[in-house]
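Some notes on the structure that comes next.
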Amino acid sequence: MKRNITHKILDKHLLQGELLVGNSIKVAVNQTLTQDSTGTMVYLQLEALEVESIKTDLSVAYIDHNMLQTGFENADDHAFIRSVASKYGIVYSKPGNGICHQLHLERFAVPGSILIGSDSHTPTCGGLGALAIGAGGLDIAIGMACGYYYLTVPKVIKVHLKGQLRPWSSAKDVILHVLKTLTVKGGVGAVLEYAGEGVKTLSVTERATITNMGAELGATTSIFPSDENTLDFLTRQGRAADYYPLTADENATYDEELIIDLDMVEPSAALPHSPDNIKCVKEIEGRKVDQVAIGSCTNSSYTDLMKVAEMLKGKRVSPSVGLVISPGSSSVLGMLAKNGALASMISAGARLLEAGCGPCIGMGQAPKSGAVSLRTFNRNFKGRCGTDSADVYLVSPETAVASAISGVITDPRTLTDYPAFFEPEKYDLVENYWISSPASPKAMIERGPNIKEFPVGKMLRDKVSGTTLLKTHDNVTTDDIMPSGAALLPFRSNIPELSRHGFKTLVSDFRDRALKYGGGIVIGGSNYGQGSSREHAALIPLYLGVSAVIAKSFARIHKMNLINAGILPLVFENMSDYDLIAEFDELMVDDCHSGLEQGRLKILNVSTGKVIHVLFEGSPREVELLKAGGALNYVKAQMREEQHA
C-alpha cells in the first residue's frame, strides 16, 4: 500500500497496536511542550508519578499565557515550573521569550518526529512536517515519564491544494475556507494532510497558520510535507541539520479528499461566535470596528508582522480604533526593532505588547462593552476575549490592518500595492530567555501557597448514580466548562478556587448544585468540550463529584481528559434520547464494568422510569483507565508492577 505522511510517521514510532483506523495504538514520543496555563498541573502530575528522570529527547516548558503579574500567583507558578525544569532537565523558556508554538516552530520542531503538547494548538509544528498533537496535561506527564503516547488511529483526509494565492488572500483565508467547508466538528477523528502543487507556494510560517487553526476543526492534527521550503526555513533558523525530507508516496492512500483551488480563496472572516461561521470580507464590509488585535500563535511570525509594518508605514490607525500587536517570539520582536518595522507600527498609532499569548486567551486587552473586535487569532468563542457582550471576528493580518486604518471592516483588496519585504537570510537567535541545563535530581521544588493538590479519581464502582446537575446545548467549549481570562488564569494551580467558576458561562450556580447533591451527572449536546486542551475542564467536574458526562458526541481531547480523570464519557445510542433527561432528574447506571467492556450501558431515569441506552466508544485500555479511577492510578500501578517484575 502506498503510504501517506501520517502513516509513515506513526509506523516509524509504533510501539504497540496495528495501524487501522479506529484502533488504539501506542507510539514513542520524541518531544513534549507545555505552557504555564496547563504546565503547573502537568508538572504536579509528573511529580505524582514519582519518576527519577524523563524519557523524551526534548521537553520544553514555556511561559507565555499567565504573564500579567497582578499578584503573586502567576509568578509562583513560574517559579514552580522553573524548579521542576531544573530537576528533570527540561528546557525552560522565560516570560517574554514568546509563544510556545511560534518558538517551538523556530527552535525545536523536527520533520518526521512526534511532538505532544499540553495546548490544543500544538499542531502548529505540523507546518514543517512534525506529527504534532495537542493533548491533556496528564498525557504529557505520562509522555515525559514513560516516553509513549496512546492515540486512536485517525482517518487521514487529503487536502489537495491547487494553484496559488492571489495578492491580499492569505494562509488564514485558506484555513477559514476549510473551516467553512468542514465545520468545527469536521476534523474529529482525522488528520488533515496537505498535498498538491499548491503546497510549494506556501512558506513554512503560512503552513503553520493553517495547521494551527486545524485545531478548530477538532482534528487530531494537521501536517504538511517536509520539502525544499522546509529546508529553507530551517536553514534561515540555523537548523539545516534538522531537515528530513518527508512526502507521501505517489498515489498514497487516503480516507477522504478535499480539493481547494488557492486561486479562488478570498479574504474571509469568522463571524461571532464560532471559527466556522465564515463569510467573505466583502460581504460584511462597512461594519464599524472598535478594536483590532494582531498576533497570537496563528499570525505572529516575522512575515506576518512585516506585512503589518509595511501596510502601516506612513498611515494612521483610525482615531476610533485601538490597535494592539503582540509578536510571536523574542527573535521576531528583536528583528522588528532592528529593521525599523516597530517604528512604523508606533508611528501609525499601534500599541505594542510583549511577545506572548495576551489577549488571545483573555489575558488583557478586553474590548469595551458591545465592541466589534477584529483579531488574527484562532478562537472567537463568546466571552473568551474578556467581554461577554463583544463581537469577535477572526481575520487575516491584511484584513486586520486595512480595517484598523479605515475604522470599518475593509476588504484589503481595495488597497493598492501589496506589501513587499525581504525575508532575512538568517533569523536572529535570542538566547538569553532560555534556561537549559542537565537534570539536577536534588533540585528543590518551589511551591507557592496558591499551588494546591489536584483531585485524583477513585476506583469505579459497578453502580453509578446521581442527579443531573446540568444539561447543555451543542458545541459547549472548554471555555464554558472552565472559563479563562485574566481573573481566573492565576488559579490554574488551585482547583478548589477554580471550582467556584465551573460552567460559569452557562449557569451561575453549578458548584452550589454539585455541593447540594453530592456530585452528579452532566448532560451534553454534540461536540461537547470543543476548544482548548485544558484538563481543568475535567478536573473541576472531578473535584465537584461529577461521575459521568452523557453527550451526543465529544471533542477528542476533552473526552480523553475525562477518561484520564476517571469520569465516564458516554454517548447516546439514539440522539433523540437526549430529550428524555431533564436537569435534576435522578439517573442510575448498573453494571458499569461489564457495560464498558461491551461498549453499551443502560441508564435508568429514576425520575421518569425511562430506560436510555448509551455507548462507550473507547479502547480496552481506556476501559481499564476508567475502572482504575483515571490514568494516574492506572499508570502508577503499572509502573509498580514493572519495578517488581
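The values are calculated or read from the model by the stated rules, or taken from the named source; none is laboratory data. Bear in mind that the values here come from a model prediction, so they are computed numbers and not experimental data. Positions of Cβ are generated from backbone atoms using ideal geometry, with glycine treated the same way; all protein chains shown enter the neighbour counts. Please note that ligands, DNA and RNA were not included when accessible areas were found on the heavy atoms of the full protein model with its side chains. Shrake-Rupley method; radii C 1.70, N 1.55, O 1.52, S 1.80 Å.
The set of residues in the stretch 246-300 that are open to solvent by 10 Å² or more (accessible area, probe 1.4 Å), within 21 Å of Val191 (Cα to Cα) and among the β-branched types (Val, Ile, Thr) comprises Thr247, Thr253, Ile259. Just one of (1) open to solvent by less than 20 Å² (accessible area, probe 1.4 Å); (2) out of contact with any Gly (no Cβ under 6 Å at 6 or more places or on another chain); (3) not in a strand (DSSP E or B) fails for Ala514. It is (2). Checking each residue in the stretch 616-638 for being of a type in the set (A, V, I, L, M) and either crowded, with 16+ Cβ neighbours inside 10 Å or under 17 Å from Leu601 (Cα atoms) (or both) picks out Val623, Leu625, Leu626, Ala628, Ala631, Leu632, Val635. Screening Tyr62 with (1) crowded, with 24+ Cβ neighbours inside 10 Å; (2) modelled with pLDDT of 95 or more; (3) farther than 19 Å from Ser300 by Cα gives one miss only, at (3). Among the conditions (1) touching a Phe, Trp or Tyr at 6+ places or on another chain (Cβ under 6 Å); (2) crowded, with 24+ Cβ neighbours inside 10 Å; (3) not basic (Lys, Arg), Tyr43 misses just one, which is (1).
Has the stretch 506-529 got any residue that is at pLDDT below 95 and within 24 Å of Thr40 (Cβ to Cβ)? No, the stretch 506-529 contains no residue that is at pLDDT below 95 and within 24 Å of Thr40 (Cβ to Cβ). Residues being aliphatic (A, V, I, L, M) and closer than 20 Å to Gly531 by Cβ are represented in the stretch 366-384 by at least one member.
Listed conditions (1) touching a residue at least 60 places away in the same chain (Cβ under 8 Å); (2) in contact with an Asp or Glu (Cβ under 9 Å, 6 or more places away or on another chain); (3) open to solvent by 10 Å² or more (accessible area, probe 1.4 Å) are all met by Gly322, apart from (1). The set of residues from the stretch 465-486 being within 19 Å of His65 (Cβ to Cβ), open to solvent by less than 20 Å² (accessible area, probe 1.4 Å) and of a type in the set (A, V, I, L, M, F, W, C) comprises Ile481, Met482. Contact map, the stretch 208-231: residues that are without any contact (Cβ under 8 Å) to a residue 24 or more places away in the chain paired with residues that are in a helix (DSSP H, G or I) and open to solvent by 20 Å² or more (accessible area, probe 1.4 Å), Cβ distance under 7 Å, separation 6+ or inter-chain. Pairs shown: Leu231/Ala240. The C-beta contact set for the stretch 612-623 (first residue closer than 13 Å to Ser553 by Cβ, second residue of a type outside the set (A, V, I, L, M) and crowded, with 17+ Cβ neighbours inside 10 Å, distance under 7 angstrom, 6+ apart or interchain) comprises Val614/Phe572.
Examine the stretch 380-396 for a residue that is open to solvent by less than 40 Å² (accessible area, probe 1.4 Å) and in a helix (DSSP H, G or I), and state whether such a residue exists. Outline the logic, then answer.
Filtering the stretch 380-396 for residues open to solvent by less than 40 Å² (accessible area, probe 1.4 Å) gives 380-381, 383-385, 387, 390, 392-396.
Filter again for in a helix (DSSP H, G or I), leaving none.
Checked against the condition, which is being open to solvent by less than 40 Å² (accessible area, probe 1.4 Å) and in a helix (DSSP H, G or I), the stretch 380-396 yields no hits at all.
Within the stretch 572-590, restricting attention to residues that are under 17 Å from Tyr528 (Cβ atoms) and hydrophobic (A, V, I, L, M, F, W, C), the residue that is most open to solvent (accessible area, probe 1.4 Å) is Met575. Yes or no: the stretch 17-29 includes at least one residue that is open to solvent by 30 Å² or more (accessible area, probe 1.4 Å), in a strand (DSSP E or B) and free of Cβ contacts under 8 Å to residues at least 60 places away in the same chain. No, the stretch 17-29 contains no residue that is open to solvent by 30 Å² or more (accessible area, probe 1.4 Å), in a strand (DSSP E or B) and free of Cβ contacts under 8 Å to residues at least 60 places away in the same chain.
Return a yes/no flag: does the stretch 593-615 have any residue that is modelled with pLDDT of 95 or more, within 28 Å of Ile495 (Cα to Cα) and surrounded by fewer than 20 Cβ atoms within 10 Å (Cβ to Cβ). Spell out how you get there, then give the answer.
Within the stretch 593-615, the first condition is being modelled with pLDDT of 95 or more, and the residues that meet it are 593-615.
Then keep just the ones that are within 28 Å of Ile495 (Cα to Cα); that gives none.
So far as the stretch 593-615 goes, no, none of its residues is modelled with pLDDT of 95 or more, within 28 Å of Ile495 (Cα to Cα) and surrounded by fewer than 20 Cβ atoms within 10 Å (Cβ to Cβ).
Got at least one residue in the stretch 557-568 being closer than 20 Å to Thr472 by Cα, of a type in the set (Gly, Ala, Ser) and either under 32 Å from the mean Cα position of the chain (by Cα) or not in a strand (DSSP E or B) (or both)? There is no residue in the stretch 557-568 that is closer than 20 Å to Thr472 by Cα, of a type in the set (Gly, Ala, Ser) and either under 32 Å from the mean Cα position of the chain (by Cα) or not in a strand (DSSP E or B) (or both). The C-beta contact set for the stretch 534-562 (first residue within 26 Å of Thr221 (Cβ to Cβ) and open to solvent by 20 Å² or more (accessible area, probe 1.4 Å), second residue among the β-branched types (Val, Ile, Thr) and modelled with pLDDT under 95, distance under 8 angstrom, 6+ apart or interchain) comprises Ser553/Val188; Arg556/Val188. When the stretch 517-544 is filtered for residues that are part of a loop (DSSP other than H, G, I, E, B) and either at positive phi or among the aromatic types (Phe, Trp, Tyr) (or both), the ones remaining, listed by number, are Gly518, Gly519, Asn527, Gly529, Gly531. Take the conditions closer than 28 Å to Ser120 by Cα, in a loop (DSSP other than H, G, I, E, B) and either of a type outside the set (S, T, N, Q) or at pLDDT below 95 (or both) and apply them to Gly370. Does it pass? It is false that Gly370 is closer than 28 Å to Ser120 by Cα, in a loop (DSSP other than H, G, I, E, B) and either of a type outside the set (S, T, N, Q) or at pLDDT below 95 (or both). Evaluating Leu489 against the criteria (1) farther than 21 Å from Val571 by Cα; (2) surrounded by fewer than 20 Cβ atoms within 10 Å (Cβ to Cβ) leaves one unmet condition, (2).
Residues that are touching a strand residue (DSSP E or B) at 6+ places or on another chain (Cβ under 8 Å) and open to solvent by 70 Å² or more (accessible area, probe 1.4 Å) were ranked within the stretch 228-245; the one that is nearest to Phe108 (Cα to Cα) is Tyr244. Could you look through the stretch 332-359, keep only residues that are part of a helix (DSSP H, G or I) and touching a Gly at 6+ places or on another chain (Cβ under 9 Å), and pick out the one that is nearest to Asn380 (Cα to Cα)? Result: Pro359.
Would you check if Asp173 is modelled with pLDDT of 95 or more and open to solvent by 40 Å² or more (accessible area, probe 1.4 Å)? It would help to see each step written out before you state the result.
Working: modelled with pLDDT of 95 or more: yes; open to solvent by 40 Å² or more (accessible area, probe 1.4 Å): no.
It is false that Asp173 is modelled with pLDDT of 95 or more and open to solvent by 40 Å² or more (accessible area, probe 1.4 Å).
Looking only at residues that are surrounded by 22 or more Cβ atoms within 10 Å (Cβ to Cβ) and of a type in the set (S, T, N, Q) in the stretch 492-511, which one is farthest from Lys452 (Cα to Cα)? Restricting to residues being surrounded by 22 or more Cβ atoms within 10 Å (Cβ to Cβ) and of a type in the set (S, T, N, Q), the top hit is Ser499.
What about Lys8, is it of a type in the set (Lys, Arg), assigned to a strand (DSSP E or B) and either modelled with pLDDT of 95 or more or under 20 Å from the mean Cα position of the chain (by Cα) (or both)? Against the criterion (of a type in the set (Lys, Arg), assigned to a strand (DSSP E or B) and either modelled with pLDDT of 95 or more or under 20 Å from the mean Cα position of the chain (by Cα) (or both)), Lys8 does not qualify.
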